[in-house]
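Undergrad: Here it is: the structure, laid out below.
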Amino acid sequence: MNVRKCWNYAAAYEASSVHFTMANKTLIISAPGKVILHGEHAVVHGKVALAVSLNLKTYLRLQPCPDQKVQLNLPNINVHLSWKPAALQFLQSAIDVTDVLTPKAPNQEQMDQLRRFAGIPEGSTDTESLSILCFLYLYGAISTRNGQMPNMDILIWSELPIGAGLGSSAAYCVCLATALLSASGAITWPVPQEYNSTRWSEDELELINKWAFQGEKLIHGNPSGVDNAVGTWGGILRYHAGKIVPLYRVPTLRILLTNTKVPRSTKVLVAGVKDKLNKLPSIIKPVLDSIDAISCECERVLAAIASSNAIDENYSILEELIDINQHHLNVIGVGHSSLDRLCQITATYGLHSKLTGAGGGGCGLTLLRPDTSHSVVEAATQALKDFGYDCWETVIGGSGVSLHSPFSLPKDIFQILCNAKNCQ
């Protein structure tokens, strides 16, 4: 593909906010992953959890397909599919979404039809199968609302490791929902400044989030809605008793994110905590109450940092909260030797770490102060990599789903999205 042609800015973006037209636009969207800062597992028992956006993102590039086809390219998982619009005509009758403003999840009959069409056996839950089914449902439910089967070429590539509890599926759903809603004209398409990214109105973000949640239901069955909400709004969200509330006075924080690559079962870990609580309520309940208090105190400290109050003192409190919470998570049985090693290694460099998500392996985060030197981060990272862990220095608390001009993208992302092999 001709890079100059692919990223012709004048052709891709017009001078005013208009609905997407497939004839002349190449559009790029990103959505962040997520980590749980505090409150994992306790949230299952009615306590507060803080979920925060992660500056590792999923990117979607949408452009007209010159072959008059619908193409889906997911290079991370080696999915490259192409359909003629006529072959997808059945979606108009199979998916009975009459109002795009009122999203709903597919029923079992619709899922069976999608599986048969895609040649996916019943019961298949691999990432490739679920990603394809999610695309077909959202395309059918959103894009066919005007009685048309629009041709399009979609490429989705992610910086997020899959299956690590970092919200990769939600970022996928948020990107897809945003692209398809904009392509159909259900939401407007804001025009980004040449070297910046742009966001949607609050009402439009609500609609994006609702559709992304339907995709998450298809993939996970009964998700909380936290991951797609973080992918949509970004920042830090407070989750308590089923209610999701964004926090508006929050800073972005530097972290070192580490994937131990130790597999674990969230279902088994959640059941283990419940079992401990039932057996030893007078011991475990106070621990869960303390985790709840940690989340609430962290919320207060973050607001103070955002107001530039006593930065050093408040970072010291954040570090203490991380240490205490990690001990609590070990007490309730969701720690792992790989996570203990992470905490020990980073502690030798004066850093503070905790698990994030389900525990039992998986990922952990390490807080970095604004003045933590590059040499310290580099040394800690190398020590962790020596044990086979993957590490990323990144930030948390940034923006949610965004529309990008090509010139606002990092060079490596630009090259991936415009790689001729991926644009088929």
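Undergrad: With every protein chain present, what accessible area does Glu206 have (1.4 Å probe, heavy atoms only), rounded to the nearest 10 Å²?
TA: Rounded to the nearest 10, that gives 70 Å².
Undergrad: To continue, here is another question. Rounded to the nearest 5, what is the percent of antiparallel bridges among the DSSP beta bridges in the chain?
TA: Around 95 percent of the beta bridges assigned by DSSP in the chain are antiparallel ones.
Undergrad: Once you place label points 7 Å from the Cα toward the Cβ at Phe387 and Asp340, how far apart are they in nm?
TA: That separation, rounded to one decimal, is 1.1 nm.
Undergrad: Here's another thing I want to ask about it. Multiply the residue gap between Asp67 and Asp323 by 0.36 nm, knock off their C-alpha separation, and tell me the result in nm, one decimal place.
TA: Gain in length upon complete extension: 86.6 nm.
Undergrad: For the chain, with the dipole built from +1 on Lys and Arg beta-carbon atoms and -1 on Asp and Glu ones, taken about the Cα centre, which of Gln415, Val79, Ile156 lies farthest toward the positive end?
TA: Ranked along the dipole, the leading option is Val79.
Undergrad: OK, next. Cα-Cα over 19 Å: which of Lys210/Lys267; Lys34/Lys243; Lys217/Lys267; Lys104/Lys267; Lys47/Lys274?
TA: With Cα atoms farther than 19 Å apart: Lys210/Lys267; Lys104/Lys267.
Undergrad: Identify which of Thr102, Thr58, Thr232 has the largest mean-square fluctuation in a Gaussian network model of the chain, with springs joining Cα atoms closer than 10 Å.
TA: Checking each option, the largest mean-square fluctuation is seen for Thr102.
Undergrad: Now for a different question. Name the shape class, rounded, prolate or oblate, that the alpha-carbon gyration tensor gives for segment 22-98, where a ≥ b ≥ c are the square roots of its eigenvalues, rounded holds for a/c under 1.5, and otherwise prolate holds if a/b is larger than b/c and oblate otherwise.
TA: prolate
Undergrad: Under the rule a/c < 1.5 gives rounded, and otherwise a/b versus b/c splits prolate from oblate, where does the chain land using the Cα gyration tensor?
TA: Prolate.
Undergrad: Could you give the dipole magnitude of the chain about its Cα centre, charging the beta-carbon of Lys and Arg +1 and that of Asp and Glu -1, in debye to the nearest 20?
TA: 620
Undergrad: Oh, and also: How much of the accessible area of the chain, in percent, comes from carbon and sulfur atoms when a 1.4 Å probe is used?
TA: 51
Undergrad: Tell me, how many Å apart are the Cα centres for segment 49-94 and for segment 232-274?
TA: Value for the Cα centre distance between the two parts: 26 Å.
Undergrad: Here is a further query. Could you work out the helix-only [θ] at 222 nm for the chain, with each DSSP H run of four or more residues adding -39,500 (n - 2.57) and the total divided by the number of residues, to the nearest 500 deg cm²/dmol?
TA: After summing the helix terms and dividing by the residues of the chain, the value is -12500 deg cm²/dmol.
Undergrad: Please check: in the Gaussian network model of the chain (C-alpha springs, under 10 Å), which one of Gly46, Gly165, Gly231 has the largest mean-square fluctuation.
TA: Evaluated over the chain, the most mobile residue of the options is Gly46.
Undergrad: Going from most exposed to least, what order do Cys296, Cys175 have by accessible area with a 1.4 Å probe?
TA: I get Cys296, Cys175, largest accessible area first.
Undergrad: Let me spell out the model: positive unit charges on the Cβ of Lys and Arg, negative unit charges on the Cβ of Asp and Glu, origin at the Cα centre of segment 250-393. What dipole size does that give, in debye rounded to 20?
TA: 720
Undergrad: How far is the Cα center of segment 115-131 from the Cα center of segment 372-402, in Å?
TA: Each part's Cα centre sits 35 Å from the other's.
Undergrad: Further question on the same structure: Between rounded, prolate and oblate, where does segment 125-223 land on the alpha carbon gyration tensor, with a ≥ b ≥ c its root eigenvalues, rounded for a/c under 1.5, else prolate if a/b exceeds b/c?
TA: Since a/c reaches 1.5 but b/c is at least a/b, the shape of segment 125-223 is classed as oblate.
Undergrad: So, one more: With unit charges on the beta carbon (Lys/Arg positive, Asp/Glu negative), name the residue among Gly360, Ala303, Leu257 whose Cα is farthest towards the positive pole of the charge dipole of segment 250-393.
TA: Of the listed residues, the answer is Gly360.
Undergrad: Mind checking the full-extension length gain between Asn78 and Ser124? Use 0.36 nm per residue of separation minus the Cα-Cα distance, one decimal, nm.
TA: Going from the current span to full extension adds 14.9 nm.
Undergrad: So how many Å³ per residue does the convex hull of the Cα atoms of segment 250-393 work out to?
TA: Looking at segment 250-393, the number lands at 101 Å³ per residue.
Undergrad: I need the calculated FRET efficiency for the pair Thr198 and Ala86, taking r as the beta carbon distance and R₀ as 41 Å, to the nearest 0.05.
TA: Calculated value: 0.70.
Undergrad: Quick one: length gained pulling Asp412 to Ile162 fully straight, 0.36 nm per residue minus the C-alpha distance?
TA: Stretched fully, the Asp412-Ile162 segment lengthens by 88.0 nm.
Undergrad: Return the FRET efficiency for the residue pair Ala379, Arg249: r is the Cβ-Cβ distance, R0 is 45 Å, and the value is rounded to the nearest 0.05.
TA: Rounded to the nearest 0.05, the efficiency is 0.85.
Undergrad: Specify the angular offset, from 0 to 90 degrees and rounded to the nearest 10, of the alpha carbon long axis of helix 311-331 from the longest principal axis of the alpha carbons in the chain.
TA: 90
Undergrad: Identify which of Tyr248, Tyr172, Tyr139 has the largest mean-square fluctuation in a Gaussian network model of the chain, with springs joining Cα atoms closer than 10 Å.
TA: For the chain, modelled as a Gaussian network with Cα springs under 10 Å, the answer is Tyr248.
Undergrad: While we're here: Accessible area per residue, 1.4 Å probe, Å², for the chain: what's the number?
TA: Spelled out: the 1.4 Å probe surface of the chain, per residue, equals 42 Å².
Undergrad: Among the lysines, select those whose C-alpha is under 16 Å from the C-alpha of Lys261, and discard any that sit fewer than 8 residues away in the same chain.
TA: Within the straight-line limit of under 16 Å, Lys261 reaches these lysines: Lys354, Lys385.
Undergrad: What net charge is computed for the residues neighbouring Leu277, neighbours being all others with C-beta under 13 Å from the C-beta of Leu277, Lys and Arg scored +1, Asp and Glu -1?
TA: +3
Undergrad: Tilt of helix 168-184 relative to the longest C-alpha principal axis of the chain, in degrees (0 to 90, nearest 10)?
TA: For 168-184 against the chain, the angle is about 30 degrees.
The values are calculated or read from the model by the stated rules, or taken from the named source; none is laboratory data. All figures in this text were calculated on a predicted structure; none of them were measured in a lab. No Cβ is skipped: glycine too gets one built from the backbone with ideal geometry, and neighbour counts run over all protein chains shown. Just so you know, the surface numbers come from the protein's heavy atoms only, side chains and all, with ligands and any DNA or RNA stripped out. Shrake-Rupley method; radii C 1.70, N 1.55, O 1.52, S 1.80 Å.
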